[in-house]
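Have a look at the structure below before the remarks.
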Amino acid sequence: MRHVYTWGGILVVVFFSVVGDVLMARAMKRVGDVHELWRRAGLWTVVGRILSTPSFFFGVGGMAAAFFSLLFALSWGDVSLVAPAAASLTFIGNAFAAKMFLHEKVDRRRWIAALLVAGGVALLAG
Amino acid sequence: MTFRKYLVLAGVTVFAAAGDSMLSHGMKQIGSISLYHLQGLILAVLNPWVAVGILLLLAFFASYMNALSWADLTYVLPATSLGYVLLALVAKFALHEQISLMRWLGIVLISGGVGFVAGGEALTSGHAEEKSKSLLLPKTVKNGAPDREGPNGGDAESPVLSRTGGSGAPATGSDR
C-alpha cells in the first residue's frame, strides 16, 4: 500500500512538473536571455518583462503544485527513490511536451537519453 | 557556453539536490502527512530543515529561470544529471538511507542518459529567432547600429547566440 501511495505521488508530481516546466520555459524564452537583458536594460526591466508574461504565472502555479505534491511524496517514500524517479519521468514527459508545445528539436540523441533514463527509473523501482 | 552559464547550470544542480535533501530530512522528522489533515503542511514549513530546503529551492528556481532563458528545456533538465549522484551520496552519508546496488545502477543509467543528451546544442526551439529579435530591438533603438550576426557586440555571450542561428557547433559534448 505504501508503494501505491509513493508511486501515485510521483505521478502527480510528474504531471504538475511537466505543466510547470513547459509553461516556465515558454515564458523565459519570451523574456529572452536574462543576463543579457539585465546588462542592457537593468534589473527592473527584467522583472517587469517576466511579470508581464502570463505563462510565467501559470508555470509558477504548476511548479507550486508539483512542489506540494513532492512534499507529500517525500513523506511517504525515500528521497533517493522519489526525487530521481519523479525528476526522470518528468524528463521523459518534458521531452514529449517540449517537442509538441515548445517545438524543440528533440533528436535521436535526446530520445536515446530518454530511454536510458526510463531504464534507470525501472531499476530504481526494483 | 560561457563560464557564467556553466555556473548557472551548476547552481541548478546543486541547489535542487541540496534543497530536496533538506526537505526530505525535515519531512522525515515530521512524519507522514494525511490528506485529511492538511494543516500539517503549514506546520511542516516551520521545521528548520524544511525552511532551509525551501530557501535552497528558491535559489534553484532563480538559476532554473535564468537557464531556461537561454537554453532548451530538454537541455536544461539533463544539465542537472549530476544532481542524482549528489542526491544519492547525500542520502547515503547524511540521511543514512540504504541504497541498493540496483538503485545505484539506476542512478548511473539516468546520469549516463542525461549526460549523453547534453552533448547537443543548447537551444534548438523556434523561439531562438524570436529571442534574437527581442534582444536586438533595444540595442537597435539605443545605439542605432543593428547587427543581426552579432547581437552582443562580440562579448563573451556571442558564441551561444550565434549558435542559435544554426551553425550546429557542439556545445558541451567534450565536457561530459
Can you find, within region B:96-131, the residue that is modelled with the highest pLDDT among those that are more than 7 Å from chain A (Cβ to nearest Cβ) and under 20 Å from the mean Cα position of the chain (by Cα)? B:108
Only one of A:60, A:18, A:47 is among the β-branched types (Val, Ile, Thr) and crowded, with 23+ Cβ neighbours inside 10 Å, namely A:18
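Listed here are the residues, each with its yes/no results for (1) at the interface with chain A (Cβ under 8 Å from one of its Cβ atoms); (2) modelled with pLDDT of 80 or more.
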{"position": "B:23", "(1), (2)": "yes, yes"}
{"position": "B:42", "(1), (2)": "no, no"}
{"position": "B:47", "(1), (2)": "no, yes"}
{"position": "B:62", "(1), (2)": "no, yes"}
{"position": "B:66", "(1), (2)": "yes, yes"}
{"position": "B:88", "(1), (2)": "yes, no"}
{"position": "B:94", "(1), (2)": "no, no"}
Pull out all pairs, ordered by first then second residue, where Cβ-Cβ is under 7 Å, the residues are six or more apart or on different chains, the first lies in region A:1-17 and is in contact (Cβ under 8 Å) with a residue 24 or more places away in the chain, and the second is among the β-branched types (Val, Ile, Thr). A:6/A:82; A:10/A:82; A:14/A:90; A:17/A:90
Can you name the helices (runs of 4 or more DSSP H) wholly within region A:29-126 that have at least 2 residues being more than 7 Å from chain B (Cβ to nearest Cβ) and more than 30 Å from residue A:2 (Cβ to Cβ)? A:34-41, A:43-51, A:54-76, A:108-125
Within region A:70-111, the count of residues that are over 13 Å from the mean Cα position of the chain (by Cα) and farther than 16 Å from residue A:23 by Cβ comes to 19
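The values are calculated or read from the model by the stated rules, or taken from the named source; none is laboratory data. This structure is a prediction, so every number in the text was calculated from the model and none was measured. All Cβ positions, glycine included, derive from the backbone under ideal geometry; neighbour counts span all protein chains shown.
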